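Encoded as structure tokens, the structure appears first; notes follow it.
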Amino acid sequence: MKIIIDNKIPYIKGALEPYADVVYLPGNLTTREVVRDADALITRTRTICNREILQGSRVKFIATATIGFDHIDTDFCQAAGIEWVNAPGCNAESVNQYISSALFSWSMRKNTRLRDKTIGVVGVGQVGSKVAKTCEILGMKVLLNDPPREREEGSGRFVSLQAVREQADIITFHVPLNLEGIDRTVHLVNGSFLQHLGQAPLIINTCRGEVFETAAVCRALDQREVSGAIIDCWENEPDLDLDLLRRADLGTAHIAGYSRDGKANGTRTSVRAISQFFGLGIDGWEPAGIEPPCKPVIELDRHNPEEESMLARAVLTSYAIANDDAALRKNPKLFEQLRGDYPVRREFTSYSINATGINANILNKLDRLGFRIMAVIAFLLPVSSWLTR
């Protein structure tokens with residue numbers, strides 16, 4: 001058996017070599033000629049798995065180590081008898097961490113408080129649900145918009161997109177790329193959407209570049225129809241629009257989901273799926289060698305007791321989004337390199353909070369965000385009343 005694996009997928013080397021001839025290639029070199037005699041592909045979004053490269057091959061199975069699967073021509077695969085699997089939710093917590101860091105970075109620049117803001121979460125799947133929960137922990141008012149879920153579950157939890165447009169100070173998008181139908185999301189954020197917004201909101205794209213119509217967003221920024229933009233996903237990647245980058249409050253190279261935890265989750269899902277499909281007997285395989293954070297302990301004390309400042313310090317210590325913004329602005333032409341060689345980033349659960357004299361409410365919120373509370377001397381609260389985990 002022959003398996004072709006994208007060489008940027010981490011923690012996978014050695015997992016399948018006992019069972020197959022394994023070839024590691026850059027995504028853009030996974031061509032028709034290469035896959036002709038392959039039985040399976042393990043890929044990322046940069047490899048377009050369509051008729052052009054798959055027809056006439058012996059490929060039976062495709063695993064993509066990503067949430068998204070719009071790079072797979074699912075109709076062709078069904079017709080050709082090729083099964084496929086994605087990794088839903090694999091990097092949801094990574095995107096949640098990115099949004100948290102982006103919000104705190106933005107609020108500190110603007111000298112405003114997040115707990116005074118209303119945020120609209122458009123798309124409440126695995127990523128959007130985590131983002132909504134985090135924003136509620138931070139004290140924000142959260143509006144949920146998800147038409148497919150609303151049709152299934154009723155309107156009790158959800159609001160219309162119009163309500164989001166009228167009420168939200170911040171709108172963050174977590175939708176799939178749908179090319180047609182009633183839930184079409186291509187250019188969801190277009191000129192019409194951006195006119196007559198109630199609060200001139202900050203808009204955030206960490207889902208798909210094509211959800212934002214670039215020219216319309218640039219115009220809206222110039223005309224102050226929106227107060228700002230945070231962009232991780234761009235139209236026509238890797239050839240991002242430099243005018244939009246210049247206007248954006250924060251711009252990054254499609255790395256919101258690039259924590260090591262998220263990547264390990266995607267690799268785990270892919271290897272287990274290959275094992276199950278071909279009967280390899282490693283259905284419980286786990287990735288090894290996931291790098292720890294450089295500084296896994298975050299020190300907090302009562303010198304700055306204001307709650308939002310304390311939460312911001314913890315979040316921004318775990319992930320300083322400004323570094324990724326600076327790297328992209330320095331040389332946008334290195335977009336793919338910035339993704340391929342992305343440094344180690346670990347999620348909240350990899351960090352311990354060493355807290356001295358901190359209000360119990362702050363510690364509770366840090367715990368709910370996912371941080372580990374390793375030492376507690378809570379301000380005006382006995383240590384015995386806290387369970388340390």
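Within region 176-327, the ratio Rg/Rh, alpha carbon atoms throughout and Rh by Kirkwood, equals 1.07. Projected onto its three principal axes, the C-alpha set of region 214-285 covers 59, 20, 18 Å, listed from the longest axis down. Size of region 27-81: Rg and Dmax of its alpha carbons, in Å, are 10.0, 27.
Give me the Debye-computed log₁₀ of I(q)/I(0) at q = 0.16, 0.17, 0.21 Å⁻¹ for region 1-110, equal point scatterers on Cα only, no solvent, two decimals. Each listed q maps to, in turn, -0.72, -0.79, -1.09.
Take D341, project a point 7 Å from its Cα along the Cβ direction, then tell me which residues of region 248-269 have their backbone nitrogen under 16 Å from it. It comes to 253, nothing else. What a 1.4 Å probe finds exposed on region 44-200 is 47% carbon and sulfur by accessible area, rounded to a whole percent. Screening the chain for whole DSSP H helices of 15 Å or more along their axis (Cα) with average Kyte-Doolittle hydropathy at least -1.0 returns 92-110, 126-137, 260-278, 307-318.
For Q223 and E166, the difference between the fully extended length at 0.36 nm per residue and the C-alpha to C-alpha distance is 18.8 nm. Solvent exposure of region 88-137, expressed per residue, is 34 Å² of accessible area, with all protein chains present and a 1.4 angstrom probe. In vacuo Debye scattering of the chain, one point per C-alpha: log10 I(q)/I(0) at q = 0.06, 0.08, 0.13, 0.14 Å⁻¹? Debye curve over Cα of the chain, log10 I(q)/I(0) at q = 0.06, 0.08, 0.13, 0.14 Å⁻¹: -0.25, -0.45, -1.14, -1.27.
Taken along the Cα-to-beta-carbon direction at a fixed 7 Å, the label points for R113 and L334 span 4.0 nm.
The candidates M108, M140, arranged from most to least accessible area with a 1.4 Å probe in the full protein assembly, appear as M108, M140. Going down the table (K8/K110; K130/K295; K295/K365; K110/K295; K13/K133; K2/K263), which pairs top 31 Å between alpha carbons? Pairs exceeding 31 Å: K8/K110; K13/K133. Here region 231-355 has 50 percent of its accessible surface on carbon and sulfur atoms, given a 1.4 Å probe and all protein chains in place.
The mean accessible area for residues of region 173-271, using a 1.4 Å probe and ignoring ligands and nucleic acids, is 38 Å² per residue. In units of the compact-protein estimate 2.2 N^0.38 Å, region 104-180 shows a Cα radius of gyration of 1.13.
Remark: region 33-73 carries 41 Å² of accessible area per residue (probe radius 1.4 Å; ligands, DNA and RNA excluded).
Want the number for N364 to C294: 0.36 nm per residue separation, take away the alpha-carbon distance, what's left?
Working: separation 70, 0.36 × 70 = 25.20 nm, distance 2.47 nm.
Extra length from N364 to C294 when fully extended: 22.7 nm.
I'd like the projected area of region 271-343, averaged over all directions, using the convex hull of its alpha carbons. Report it in nm² with one decimal. Could you put the intermediate results ahead of the total?
Working: hull surface 34.6 nm².
Average projection, Cα convex hull of region 271-343: 8.7 nm².
The calculated pair-distance distribution of region 134-226 uses every alpha carbon pair, bins of 10 angstrom beginning at 0, and gives 15, 47, 33, 4 percent. The label-point distance for H187 and S155, in a model that sets each label 7 Å from Cα toward Cβ, rounds to 2.9 nm. Scaling against 2.2 N^0.38 Å puts the C-alpha radius of gyration of region 1-64 at 1.00.
Are there any GluC sites (Glu not before Pro) in region 251-348 that are in a DSSP loop and have at most 13 other Cβ atoms within 10 Å? List them by number. Show your work: numbers first, answer last.
Numbers: sites: E299, E306, E307, E308, E336, E347; in loops: E306, E347.
Filter output for region 251-348: E306.
Overall size of region 260-307 from C-alpha positions, given as principal axis extents largest first: 58, 21, 13 Å.
The values are calculated or read from the model by the stated rules, or taken from the named source; none is laboratory data. Keep in mind it's a predicted model, so treat the numbers as computed, not measured. Counting neighbours? That spans all protein chains shown, and the Cβs are built from the backbone with ideal geometry, glycine included. Note: areas computed on protein heavy atoms with side chains; ligands, DNA, RNA excluded. Shrake-Rupley method; radii C 1.70, N 1.55, O 1.52, S 1.80 Å.
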